[in-house]
Amino acid sequence: MQNLFKTVTTKAAFIAIVSFAGVGSALAQNMNTDDSIYQGLGAKAGIDKIVGDFIPLVLGDARINRFFTKVDTKQLAALLSDQFCELAGGPCQYKGRDMYTTHDGMEISNAHFNALAEDLQIAMEKNHISTSVANKLVAKLAPMQRPIVSK
Ligand code: HEM
């Protein structure tokens, strides 16, 4: 009887350890531990600098600047900086609105989207970001095309 009890408790302990290990590795996989894009962008200061160059490029871009005439660009820059930082695997949390709600009703086309992405590429080039890192950030933005483009 005692032996049976011991077997059962040992088995239970074994199952408990295995399931904890399972949860642990699932958490580790979910957590963004790869911050190579973030580091490649020059961490938060580098991202702030890129966004600081990106906004004037957008405002000077005749293909898309009409969208931004009434926008608080200082607030937009802060939100974009956090969003890029989080996407790049950095220690930031984007607290703005979701991409669909934000751009709903703006009638943004693929051409508008590509123009903005091009301006971001130029801002990254200006800051000597490697092509590989720049392409990786743009690839992270690509899934946003669907909720943003409505025309
Ligand atoms: C990958 C592409 C894009 C990203 C990541 C992005 C991201 C954002 C973010 C984070 C905000 C602020 C959200 C908030 O206020 O809570 C925003 C606002 C805005 N975006 Fe985009 N955006 C993208 C493309 C575009 C394009 C292509 C246009 C137009 C050509 C555009 C026009 C705007 C405008 C006008 C606002 C200000 C909205 C407002 O203040 O109510 N965005 N965007």
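A short reminder: the numbers here are calculations on the coordinates, not readings from a lab. Note that the structure is a prediction, hence the values are computed from the model and not measured. When we count neighbours, we look across all protein chains shown, and the Cβ atoms used for this are built from the backbone with ideal geometry, even at glycine.
Taking the Cα-to-Cβ direction at residue 94 and at residue 66 and moving 7 Å from each Cα, how far apart do the two end points lie in nm?
For residue 94 paired with residue 66, the spin-label model returns 2.7 nm.
Residues of segment 96-119 with amide nitrogen under 18 Å from the 7 Å Cα-to-Cβ point of residue 142?
Counting only backbone N, you get 110-119.
With the Cα gyration tensor of segment 42-151 giving a ≥ b ≥ c as the square roots of its eigenvalues, does the rule (a/c under 1.5 for rounded; else a/b larger than b/c for prolate; else oblate) give rounded, prolate or oblate?
Since a/c stays below 1.5, the shape of segment 42-151 is classed as rounded.
What GluC sites (Glu not before Pro) does segment 45-151 have in DSSP loop regions with at most 13 other beta carbons within 10 Å?
Sites meeting the loop and neighbour criteria: 107.
Got a sec to turn the phi values of segment 76-86 into Karplus ³J(HN,Hα) couplings, 6.51 cos²θ - 1.76 cosθ + 1.60 with θ = phi - 60°, whole Hz, x for Gly and Pro?
Values, residue by residue: 4, 4, 5, 5, 5, 4, 5, 5, 5, 4, 5 Hz.
So which trypsin sites (Lys or Arg not before Pro) in segment 54-114 pass both tests, a DSSP loop state and at most 11 other Cβ atoms within 10 Å of the Cβ?
Here the sparse-neighbourhood loop sites are 70, 95, 97.
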